[in-house]
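Please read the structure below before turning to the comments.
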Amino acid sequence: MTAASVRPAVAVPKPRSGLLRHVLVRLATAVGVLFAAATLAFVLVRLSGDPVKQLLPPDATAAQEATLRSQLGLDQPLIAQYGDFLWGLLRLDLGDSLVYHEPVGQVIADRVPATLELAAGALVLSLVIAIPAGIYAATRRGRAGDTGVMTAVLLGQSTPPFWVGILLILLFSVRLKVLPASGYGTFAHLVLPAVTLSVYSIAVIARLLRSSLIDVLGSDHIRTARAKGLGPAKVVLAHGLRNASLPTVTVIGLEFGGLLGGAILTEQVFSWPGIGRLTVEAISHRDFPLVQAAVLFFAAAFVIVNLLVDLSYSLLDPRVRAQT
């Protein structure tokens, strides 16, 4: 064999599968979380009592109760009910509502737009107020402006949302009569619930952004940018805010999931026809299938938001993108 016939081995480039592997791991984790949430919902709703007592009149006979229990499948062993529940979950069939006598998927779908509208309105309001407030407090650290913002943040984090809602109703609906106290369908109906739901999120986002921005503004690259003669606004917005955005994006994503779950009390206070109010009604009537579907909806919302936040890291931080 001659030297000319010996060819060097050509290295085959490996595909960049790090990001794909990361996504697959996150998806597998999401499936596990949803399975755990479904199992927990199945167990807890059955510990709340017998729905047959709620569905039948007080003078119902034992035979009528046994018949209805058999129709609902509640006369089967618990493990058999759990197996039927998981099989239906795999087929995206969560059963029929015991109260509405409709597929629970349809009942949930009818209420989703109202809850998403409320959560989105609260999130937009939170960002519009919290981001400027956080920047303002960070650039005036230790001064009166910073103290004022942090005092408002402390009040926002300490005040129960339902109490805020009641105060807003008393002021703007009862006393001033400028906004409706309940209902759904117009922008005026959205104002008070969105403000109520956004108070805590405004405080959390503003506080975290202030803290992150203070840390970034003390770093070497910010001092270099100032030494080059860049204006304060450009230094803060172009250099500081981008580097402080990673933890802020994380908490914004978590807060959106929290807004969906936290809408339960707000929807009750303002009679908002969303999933939160539907969940309370389902629990009070022991509507097993509907409660399970509502729990899965909230769990899926948290999982999806967390996944999107996790994937957004690679877009915001080149260091994260290089590691995937």
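The values are calculated or read from the model by the stated rules, or taken from the named source; none is laboratory data. If you're wondering where the values come from, they're calculated on a predicted model, not measured in any experiment. In this analysis, Cβ positions are derived from the backbone assuming ideal geometry, glycine residues included, and neighbour counts consider all displayed protein chains. Each accessible area value is taken on the protein alone, full model and side chains, heavy atoms only, with ligands, DNA and RNA left out. Shrake-Rupley method; radii C 1.70, N 1.55, O 1.52, S 1.80 Å.
Do you know which residues across region 167-181 are part of a helix (DSSP H, G or I) and either crowded, with 19+ Cβ neighbours inside 10 Å or among the basic types (Lys, Arg) (or both)? It would help to see each step written out before you state the result.
The first filter runs over region 167-181 and keeps only residues part of a helix (DSSP H, G or I), leaving 167-175.
Within region 167-181, Leu168, Ile169, Arg175 qualify.
Against the conditions (1) touching an Asp or Glu at 6+ places or on another chain (Cβ under 7 Å); (2) farther than 21 Å from Ile283 by Cβ, Val52 satisfies every one except (2).
Just to be sure before I move on: is Ala9 at pLDDT below 75, surrounded by 11 or more Cβ atoms within 10 Å (Cβ to Cβ) and not in a helix (DSSP H, G or I) in the structure I sent?
Numbers: at pLDDT below 75: yes; surrounded by 11 or more Cβ atoms within 10 Å (Cβ to Cβ): no; not in a helix (DSSP H, G or I): yes.
The answer is no for Ala9.
Before we move on, is Val164 closer than 18 Å to Phe256 by Cα, touching a residue at least 12 places away in the same chain (Cβ under 8 Å) and not in a loop (DSSP other than H, G, I, E, B)?
Values: closer than 18 Å to Phe256 by Cα: no; touching a residue at least 12 places away in the same chain (Cβ under 8 Å): yes; not in a loop (DSSP other than H, G, I, E, B): yes.
So Val164 does not fit the description; no.
From the list Ala322, Ala301, the lone residue that is in a helix (DSSP H, G or I) and either in contact with a Pro (Cβ under 6 Å, 6 or more places away or on another chain) or modelled with pLDDT of 80 or more (or both) is Ala301.
Considering only residues that are exposed (fewer than 15 other Cβ atoms within 10 Å of the Cβ) and either under 25 Å from the mean Cα position of the chain (by Cα) or part of a helix (DSSP H, G or I) (or both), which ones fall in region 68-87? Steps first, answer last, please.
At the first step, the residues of region 68-87 found to be exposed (fewer than 15 other Cβ atoms within 10 Å of the Cβ) are 70-71, 73, 75-80, 83-84, 86-87.
Within region 68-87, Ser70, Gln71, Leu78, Ile79, Ala80, Gly83, Asp84, Leu86, Trp87 meet the criteria.
Looking only at residues in region 239-295 that are open to solvent by 10 Å² or more (accessible area, probe 1.4 Å) and among the acidic types (Asp, Glu), the one that is farthest from Thr196 (Cα to Cα) is Glu281.
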